[in-house]
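Heads up, the thing below is written out as structure tokens.
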């Protein structure tokens, strides 16, 4: 059965971070309906085995499709790396939009920049990211920076706290003598720490966030397939979480200024 044009777009993340993608989608397409599901009960994904991440992602996708979603946006780099291809094979007729770190625009920003990619350990070691780095390794000086604890701090609503600042200071301490030109926020949780990151690194460091490109691509895919909701429709968002105590955080982050 083909979903109607007003059917919701499913947006999935391992927790609350994917709200940064949902915000971009909503800004571009406020006439669409959305179901956001964050698997906070199992977060963070980035330190789990790939097989486990794949199984959790597939289970969440199945639930969203049972709720009538017409497309699935994987608002999680880790879930994309582990499960996007599997889901596309399972649902060949459904748009499955994945996410990848915004390395391309950072690497091609000019002057052979030094680019730091912050992401979860799984994202950084998966074949998908390896292929991406191979494409642009001659265009920049690439530094990988795993930051799994930052996911947990956002999940715990620690934005703006001394604890978050202390973690970031320790994370970047080994790079204090490195002139960083670009920082790729390779996890959807990370934009919620953007203010603290800028304060630490300085305004001269350019930040790149893959959520913007993913939202634009989602719009293009839906338009190409004739799956857009009517332009005069008023969209709605349903927030869901495997940990219902996180629902207030999801709504709070949706109102958070990125």
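Pull up segment 131-163, narrow it to residues that are out of contact with any helix residue (DSSP H, G or I) (no Cβ under 8 Å at 6 or more places or on another chain) and part of a helix (DSSP H, G or I), then point me to the one that is surrounded by the most Cβ atoms within 10 Å (Cβ to Cβ).
Filtering segment 131-163 for residues that are out of contact with any helix residue (DSSP H, G or I) (no Cβ under 8 Å at 6 or more places or on another chain) and part of a helix (DSSP H, G or I), the one surrounded by the most Cβ atoms within 10 Å (Cβ to Cβ) comes out as 152.
Being under 30 Å from residue 32 (Cβ atoms), assigned by TED's automatic domain parsing to the domain that holds residue 80 and modelled with pLDDT of 95 or more is the requirement here; does residue 185 meet it?
no
Residues are listed down the side, and each one gets a yes or a no for (1) modelled with pLDDT of 95 or more; (2) out of contact with any strand residue (DSSP E or B) (no Cβ under 6 Å at 6 or more places or on another chain); (3) surrounded by 14 or more Cβ atoms within 10 Å (Cβ to Cβ):
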| residue | (1), (2), (3) |
| --- | --- |
| 169 | yes, yes, no |
| 198 | yes, yes, yes |
| 204 | yes, yes, no |
| 208 | yes, no, yes |
| 229 | yes, yes, yes |
| 242 | yes, yes, yes |
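Select from segment 202-256 the residues that are in contact with a helix residue (DSSP H, G or I) (Cβ under 9 Å, 6 or more places away or on another chain), within 30 Å of residue 176 (Cβ to Cβ) and outside any helix (DSSP H, G or I) and list them in ascending order.
Within segment 202-256, 205, 206, 207, 208, 209, 256 qualify.
If you go through segment 57-97 one residue at a time, how many are surrounded by fewer than 22 Cβ atoms within 10 Å (Cβ to Cβ), in contact with a strand residue (DSSP E or B) (Cβ under 9 Å, 6 or more places away or on another chain) and outside any helix (DSSP H, G or I)?
So the answer is 5.
Can you tell me which residues in segment 23-38 are surrounded by 23 or more Cβ atoms within 10 Å (Cβ to Cβ) and in a loop (DSSP other than H, G, I, E, B)?
32
The values are calculated or read from the model by the stated rules, or taken from the named source; none is laboratory data. The structure presented is a predicted model; accordingly, all values stated were derived computationally and were not measured. Heads up, the Cβs are rebuilt from the backbone with ideal geometry, glycines too, and the neighbour counts pull from every protein chain shown.
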